[in-house]
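The values are calculated or read from the model by the stated rules, or taken from the named source; none is laboratory data. As the structure is a prediction and not an experimental result, all values here were calculated from the model. Positions of Cβ are generated from backbone atoms using ideal geometry, with glycine treated the same way; all protein chains shown enter the neighbour counts.
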Amino acid sequence: MKNLLLSFVLVLLSFAGYSTSSGIEIHNNTECDIYLQIRGSHECPNCEIELISCMIVIPPGAHITYPTTSSICNFPAASAFVHSVLLYSGPRHCQPLETWEVGDPQCYPPDVTFWSMNRACEPVCDCLHARWEPAECDGIARLIIERC
């Protein structure tokens, strides 16, 4: 009986943790490195930028999934809500850097056209398109990056 009760409590706790978490799936369908920061808030829905990840590099052809926000650097271990991404034109040492916002259509443009530099600060992808596919508060949003 104790095992049954303990199992029930653990299932409820895991469901409660999942029901308020969100994540992001990033698809880089290009031959260029993509530099970005994931942004979010503590509660959903909320457009305020309360959380911002470290700089993340998405390699060419990569499909990266953060199933929960606790796996995103600089995000809290507790669940949070991902609502946007800040795209960079290249690595931080390349100056000047341009940035573009893409995210949940309630708060940010869901589509942007941008460009990207390589690590030597040379423009290599002059026309890229980022498209945000929103998710409900307990779902996983998708960012799809392709050539124009």
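Considered as a group, the residues in region 60-109 that are among the acidic types (Asp, Glu) and either touching a helix residue (DSSP H, G or I) at 6+ places or on another chain (Cβ under 6 Å) or in a loop (DSSP other than H, G, I, E, B) (or both) include one that is farthest from ASP138 (Cα to Cα), and that residue is GLU98.
Could you tell me whether region 8-22 includes any residue that is at pLDDT 90 or above and closer than 20 Å to ILE145 by Cβ? Scanning region 8-22, I find no residue that is at pLDDT 90 or above and closer than 20 Å to ILE145 by Cβ, so the answer is no. Residue count for region 135-148 under the criterion of being exposed (fewer than 14 other Cβ atoms within 10 Å of the Cβ) and at pLDDT 95 or above: the result is 3.
Once region 117-135 is narrowed to residues that are free of Cβ contacts under 8 Å to residues at least 60 places away in the same chain and of a type in the set (D, E, K, R), the residue that is nearest to GLN106 (Cα to Cα) is GLU133.
Here's the yes/no breakdown for (1) touching a residue at least 24 places away in the same chain (Cβ under 8 Å); (2) farther than 27 Å from ASP126 by Cβ:
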residue: ASN29; (1), (2): yes, no
residue: GLY40; (1), (2): yes, yes
residue: ILE64; (1), (2): yes, no
residue: THR69; (1), (2): yes, yes
residue: CYS73; (1), (2): no, yes
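Of the set (1) touching a Phe, Trp or Tyr at 6+ places or on another chain (Cβ under 6 Å); (2) modelled with pLDDT under 95, all apply to SER70 but (1). From the list THR113, THR65, the one residue that fits, being closer than 18 Å to SER22 by Cβ, at pLDDT 95 or above, exposed (fewer than 14 other Cβ atoms within 10 Å of the Cβ) and not acidic (Asp, Glu), is THR65. Restricted to region 100-132, and to residues there that are under 20 Å from the mean Cα position of the chain (by Cα) and of a type in the set (Asp, Glu), the residue that is farthest from CYS47 (Cα to Cα) is ASP111.
The number of residues in region 56-101 that are within 14 Å of ILE26 (Cα to Cα) and hydrophobic (A, V, I, L, M, F, W, C) comes to 10. Can you tell me which residue in region 115-132 is nearest to ILE24 (Cα to Cα), limited to those that are assigned to a strand (DSSP E or B) and in contact with a Pro (Cβ under 8 Å, 6 or more places away or on another chain)? For region 115-132, the residue satisfying everything is TRP132.
Every condition in (1) at pLDDT 95 or above; (2) touching a Phe, Trp or Tyr at 6+ places or on another chain (Cβ under 9 Å) is met by ASN29 except one, and the failing one is (2). Among the residues that make up region 41-51, is at least one of them in contact with a strand residue (DSSP E or B) (Cβ under 7 Å, 6 or more places away or on another chain) and either hydroxyl-bearing (Ser, Thr, Tyr) or closer than 18 Å to ILE144 by Cα (or both)? Among the residues of region 41-51, at least one is in contact with a strand residue (DSSP E or B) (Cβ under 7 Å, 6 or more places away or on another chain) and either hydroxyl-bearing (Ser, Thr, Tyr) or closer than 18 Å to ILE144 by Cα (or both), which makes the answer yes.
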